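For reference, the structure is listed below as structure tokens.
The values are calculated or read from the model by the stated rules, or taken from the named source; none is laboratory data. What you are looking at is a predicted structure, and each value in this text was computed from that prediction instead of being measured. Every residue, glycine as well, gets a Cβ built from its backbone with ideal geometry; the counts of neighbours run over all protein chains shown. To get the accessible areas, we keep the full protein, side chains included, count just its heavy atoms, and leave off ligands, DNA and RNA. Shrake-Rupley method; radii C 1.70, N 1.55, O 1.52, S 1.80 Å.
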Amino acid sequence: MDQIPDLPNLDPARLDLPAAERLAPADGVDHPPRILMLYGSLRERAFSRLLTEEAARILRHFGADVKIFDPTGLPMVGSVPETHPKVVELRELCIWSEGQVWCSPERHGAVTSVFKNQIDWIPLEQGSVRPSQGKTLAVMQVCGGSQSFNVVNALRLLGRWMRMFTIPNQSSVPMAYKEFGDDDRMRPSAYYERVVDVMEELVKITLLMRGSSAYLTDRYSERSERANRAIDRQIAQL
């Protein structure tokens, strides 16, 4: 094929022209949106867990299939083989999910080690499968004091690194101990309404994207790399 005018460095055979019709809803995808939720504390009354559970109730009302991963018993990354049951559970849930919700307390201005350890166990590539790529993501944090956005900003960075599509809305709950009653339910407030907003947006974007994530994450550089590897294999067989 002839070269593209003004783009002599591109291989036309490996270049895909974006097309709106390829973003149409996928046929035959009629199951509820699959949402995995991760939280970042092992405390008996962990507010990141309580906020996660509150968000899960909202997601289920919106029709989502929700699973919450319990980080209790997950070893530090690299300390055990990848065949450890908790590692296998986490990775299988990540592959199962179409969207995720990440919620961490703020510890020294950053995410907790409990939360980061979960992300560190999720590989960018597992065989021919990329467990996190192309999935939607919503981020939340709980604060012990005044409101900050350090954790949600860090979670956005992690989500980008994991090749996920992080939705614009987010939740940061200050003085979380004031926002939950003795029944461990979140009290009515503007912060609660924001959580509803975030979950609503997550479900909408997940419904919009599922079936199209493979197309959205297909890259020229990777197509070129695959083609070059195929050529190398053919040469090696000569």
Subject >> Of all residues in the range 162-191 being in a helix (DSSP H, G or I) and touching a helix residue (DSSP H, G or I) at 6+ places or on another chain (Cβ under 8 Å), the one that is surrounded by the most Cβ atoms within 10 Å (Cβ to Cβ) >> reply: Ala176
**OP:** Please name all residue pairs, on different chains or six or more residues apart, with Cβ atoms under 7 Å, provided the first residue is in the range 117-144 and is aromatic (Phe, Trp, Tyr) and the second residue is open to solvent by less than 10 Å² (accessible area, probe 1.4 Å).
**Re:** Trp121/Val87; Trp121/Leu90
Original post:
Of the residues Ser171, Ser224, Ser189, Ser148, which is over 13 Å from Gly99 (Cα atoms) and free of Cβ contacts under 8 Å to residues at least 12 places away in the same chain?
Top reply: Ser189
Original post:
Just one of the numbered conditions (1) more than 14 Å from the chain's Cα centre (by Cα); (2) assigned to a helix (DSSP H, G or I) is not true of Gly145; which one?
Top reply: (2)
Subject >> Criterion violated by Phe115 - all others in (1) modelled with pLDDT under 95; (2) touching a Ser or Thr at 6+ places or on another chain (Cβ under 8 Å) satisfied >> reply: (1)
Original post:
Mind checking which residues of the range 47-62 are out of contact with any helix residue (DSSP H, G or I) (no Cβ under 7 Å at 6 or more places or on another chain) and open to solvent by 40 Å² or more (accessible area, probe 1.4 Å)?
Top reply: Arg49, Glu53, Arg57, Arg60, His61
**OP:** Name the single residue, out of those in the range 120-142 being in a strand (DSSP E or B) and open to solvent by 20 Å² or more (accessible area, probe 1.4 Å), that is farthest from Asp197 (Cα to Cα).
**Re:** Gln126
**OP:** Report the residue count in the range 196-234 for those that are open to solvent by 50 Å² or more (accessible area, probe 1.4 Å), among the β-branched types (Val, Ile, Thr) and modelled with pLDDT of 85 or more.
**Re:** 1
Subject >> Ile205 vs. criteria without any contact (Cβ under 8 Å) to a residue 40 or more places away in the chain and among the β-branched types (Val, Ile, Thr) >> reply: no
Original post:
Pick from the range 28-41 the residues that are within 27 Å of Leu216 (Cβ to Cβ) and touching a residue at least 40 places away in the same chain (Cβ under 8 Å): which of them is surrounded by the most Cβ atoms within 10 Å (Cβ to Cβ)?
Top reply: Ile35
**OP:** Could you pull out the residue among Glu82, Glu92, Glu44 that is more than 23 Å from Asp184 (Cβ to Cβ), assigned to a loop (DSSP other than H, G, I, E, B), among the charged types (D, E, K, R) and open to solvent by 20 Å² or more (accessible area, probe 1.4 Å)?
**Re:** Glu82
**OP:** Just give me the residues in the range 96-112 being open to solvent by less than 10 Å² (accessible area, probe 1.4 Å) and either modelled with pLDDT under 95 or touching a Ser or Thr at 6+ places or on another chain (Cβ under 8 Å) (or both), in sequence order.
**Re:** Gly99, Gln100, Val101, Cys103, Ser104, Thr112
Subject >> From Pro18, Pro32, residue being closer than 22 Å to Gln133 by Cβ, assigned to a loop (DSSP other than H, G, I, E, B) and in contact with a strand residue (DSSP E or B) (Cβ under 9 Å, 6 or more places away or on another chain) >> reply: Pro32
